[in-house]
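So the structure is just underneath, and the comments pick up after that.
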Amino acid sequence: MNETTRYIGLFWLNSAETWVDVKKSSSLPSKTSPQVETHWISEAGIMDIFILLGPSPSDVSRQYSHLTGSTPLPPHFSIAYHQCRWNYNDQEDVRDVANNFDFYDIPMVRSLTENEELIDIKRKTSFLGRNVARHRTH
């Protein structure tokens, strides 16, 4: 970031559907950099507009968080890897996969294996010379 770079944020608080058109303008003299023009359209409602002045992106983010509150961390369960494989051979195969996650230090919160429905879908039957999956109808 050089000394002339500044960051701003705009928080447009309106409960109605809003459209924002963004366009770069090239109609300025060649000595200046292109400008960005925006056109904001809300169908109805009261518009509260908050202009968040930098100078840095983290300052803008801090001001926005002060207005709206910070985003809560997602539950631990949702941010780690969920291992799912349809073709485990046996329990030893499942253990090997889980052990490899530990060996390579890959976080995993859950390992999903086949259930009765998936096993039934995987069974193949011959129909008119082609293999097709047989599905339960219940």
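The values are calculated or read from the model by the stated rules, or taken from the named source; none is laboratory data. Note that the structure is a prediction, hence the values are computed from the model and not measured. Glycine also receives a Cβ, built like all others from the backbone with ideal geometry; neighbour counts cover every protein chain displayed.
For the reader, a short list of remarks on this structure follows.
- Among the conditions (1) closer than 30 Å to ASP21 by Cα; (2) without any contact (Cβ under 8 Å) to a residue 12 or more places away in the chain; (3) part of a loop (DSSP other than H, G, I, E, B); (4) not acidic (Asp, Glu), ASN89 misses just one, which is (1).
- Restricting segment 62-77 to residues that are under 19 Å from the mean Cα position of the chain (by Cα) and outside any loop (DSSP other than H, G, I, E, B), the residue that is farthest from ARG6 (Cα to Cα) is PHE77.
- Positions within segment 95-113 being modelled with pLDDT under 85 and outside any loop (DSSP other than H, G, I, E, B), in sequence order: MET108, VAL109, ARG110, SER111, LEU112
- In segment 16-37, residue farthest from LEU67 (Cα to Cα) [restricted to those that are under 29 Å from the mean Cα position of the chain (by Cα) and at pLDDT below 90]: LYS24
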